[in-house]
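Bear in mind that the values in this text are calculations on the coordinates, not laboratory data. On a predicted model such as this, the values are computed, not experimentally measured, just so you know. So basically every Cβ, Gly included, is an ideal-geometry build from the backbone, and we count neighbours across all protein chains shown.
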Amino acid sequence: MKNLLITNGLIYSSGRIVQVDILIKKGKIDQIAQGIPAAPEMLTVEASGKLIFPGGIDPHVHMELPSPAGKSSDDFFTGSRAAIAGGTTAIIDFVTPVRGESFINAFIKREKLAQKSLIDYALHVSPTWWGKESAGEMEILVKEYGVNSFKCYLAYQDRIGISDAVLTEVMKTVRKLNALVTLHCEDDAIIRKNSAKFISEGNTSPKFHPLSRPPEAEVLAVKKAIDLAAITGCKIYIVHVSTSGAVELIRNTQKSGIEVYVETCPQYLLLDDHVYDQSFERSAPFVMSPPLRKNEDREALWEALADGTIKTVGTDHCPFNLKGQKDRGKNDFTLIPNGAGGVEHRLSLLYTYGVLAKRISMEQFIKVTSEIPAAIFGIKNKGRIKPGYDADLVIWNPDKESVISAKTHHQNCDSNIYEGIKVKGEAETVIVNGETAFKDGIVKII
């Protein structure tokens, strides 16, 4: 591996933009200064007028996720390729044991799949059931396999969701291990009742997906999670928050001193539920859980991101093709596999509609997309531009304008929920562990 010198780049430091050179040795950031001399054996990248960000860390992706409609359309190779193209250089995916399966065995199997990834990854583990060995297995996962987060579902009770009693046991165990519980918060009973009613009445189109999962389903589940966290003393991280009601509840909880971290996703910041009032082919790509909400919810999420209530922005990247996957629910919205892609577009969307629109600062952009996910999930030596840290860097062209399209994206999917959206600013060069992984629109296999 040759040393790499990035010259004349612009980084955000101590509240201002400064021009620096960055020297990379053996995959690590070695030096940050002005006027670092080049040597003949070095590779050099000229970055005049370009911003340099720490590589993005997406704390919430689902590559090759099993479903009744087949696996999500991106595997770890194609999904990580899309991530690189958008400036994301590390991801956290999930281990989801079938009920009765050893958590450790499920982790080992999932890690084998993840080895196709072109970027560094970590894995949350989902306790989908509880047995006499479960607490001991969780301890082994933390101490021997480096797992420090466990994902629990309050929805999907028929497959992977867990009861309040099991969630309490998980939280007690995680508290003892000084780990973190992440939570998908939707009330399963509300969803099942509404879905059955709509289908029985012949209301089968995607329009009824958001109606079956109303805002109160999220708020009630968030309250339950917070109440159990208060009882057990467990730190929690609530994924893909989508409603103003949940935001307000969480904000008040944080003020009370309970340790609650919150994530939202670009789709909830930028899209709303009018997209469901279209034909099946146009609306089915937007079927995800939780569903897209109202404009007032979007505004509340932006405010919460700006004031620090929301700590991170993940993507919940889980694309399914319209043909052969989403269309299996053409006559029953409950059969449409839930999920959409986004790992490739997170940085450009947040930069355009967050930073340039003055909804969040440059500092907040860097923190929510990289620094804070690294801190919350204990990802060492990533998330900052600092000597000794991994050389995961994005050289960002702030002036480049483009339009998102399924025709040009890198994800392996025949649709894109951000189709036609204009963005300004994009990853021009992406460096992964000291190697140039993306340049001139091409992902290089390293």
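General observations
- Exposed GluC sites (Glu not before Pro) absent: longest stretch of the chain, with sites in DSSP loops and at most 16 other Cβ within 10 Å deemed exposed: 260-418
- Separation between Cα centres of the stretch 242-287 and the stretch 34-86, rounded to whole Å: 25
- Extension gain from Ile445 to Asn178, taking 0.36 nm per residue of separation minus the Cα-Cα distance: 92.4 nm
- Computed extension length for Asp332-Asp414: 27.4 nm, one decimal, from 0.36 nm per residue of separation with the Cα-Cα distance subtracted.
- FRET efficiency, Glu303 to Leu211 (Cβ-Cβ, R0 25 Å, nearest 0.05): 0.45
- Inter-site label distance for Lys400 and His274 at 7 Å from Cα along Cβ, in nm: 3.1
- A Cβ-based charge dipole, computed about the Cα centre of the stretch 55-100 with Lys and Arg at +1 and Asp and Glu at -1, lands at about 100 debye.
- Computed E for Ile140/Gln115 - FRET, C-beta separation, R0 22 angstrom, nearest 0.05: 0.60
- Calculated FRET value between Asp158 and Lys424, using beta carbons and R₀ = 60 Å, to 0.05: 0.85
- Label point at Ala357 placed 7 Å out along Cα→Cβ; residues across the stretch 267-284 whose backbone nitrogen lies under 11 Å: 267-272
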